[in-house]
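Just below is one structure, and these are the notes that go with it.
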Amino acid sequence: MFWSQYKERSGVELGMNVLYKDPGGNGIPVIMEDFDEDRQSGLGAVEVDLKAGPRFGIFHPRIGAVLGYRWNASGFQDTPDKEINDIYFHLPFGAAVSFTSNFGYINTGLYYHVGVSNVLKNPNPDIENFNGGRMRMLSVEISVIFASRKPLGR
């Protein structure tokens, strides 16, 4: 679910995503598959996603911010003695291509997320420079927008 505001030379999107991956291996084949058969990961999270940037015709370079909350994270670490942070923060860098249609827009995007927050909690508050790992990920976005107004560029 998201809200978007596009102008002729810029655009902004604010959305909410719900993420879920069953640790038992049930899900979309290949996309939600674990590469190591001995380790099954699971994830349950909700996140707020903000992206903004200029527009060059159908091409939309964007930068943004993602703030999320994990309620379930399993299979992410080799040593279960450290806790995983529930709250995380990413900076997505990427671009989208937006095609107009008779009913609105079809968007496809590719983003590289740079994790700002530690994945693991600091086990000792006396350690100031604790490195709990940062998430790095590539995400692909496909969205269909049904416009109630005339799409831009028509």
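Each other residue within a Cβ distance under 15 Å of TRP71 adds +1 if Lys or Arg and -1 if Asp or Glu, for a net charge of -2.
Near LEU50, within a Cβ-to-Cβ distance under 15 Å, what is the net charge of the other residues, with Lys and Arg +1 and Asp and Glu -1? Intermediate values should be presented prior to the final figure.
Details: positive: LYS51, ARG62; negative: GLU13, GLU47, ASP49, GLU141.
Surrounding charge for LEU50 is -2.
Count Lys and Arg as plus one, Asp and Glu as minus one, and take only other residues whose Cβ is under 12 Å from that of MET16; the net charge is then -3.
Amide H to amide H distances under 5 Å link ALA147 with GLY104, TYR105, where only residues 5 or more positions off or on other chains count and H is placed in the peptide plane.
Derived from the Cα gyration tensor, the three semi-axes of the equivalent ellipsoid of the range 59-119 are 33, 13, 10 Å, largest first.
Per the Cauchy relation, a quarter of the hull surface: what is the mean projected area of the convex hull of the alpha carbons in the range 85-133, in nm²? Mind showing how you got there, number by number?
Numbers: hull surface 19.2 nm².
Its Cα hull, projected and averaged over all orientations, spans 4.8 nm².
Take the Cβ atoms of ASP126 and VAL12, set R0 to 41 Å, and the FRET efficiency comes out at 0.45.
Readers should treat all values here as calculations from the given coordinates under stated rules, not as data from a laboratory. Values in this document were obtained by computation on a predicted structure and should not be read as measured data. We place every Cβ from the backbone using ideal geometry, glycine too, and count neighbours over all the protein chains shown.
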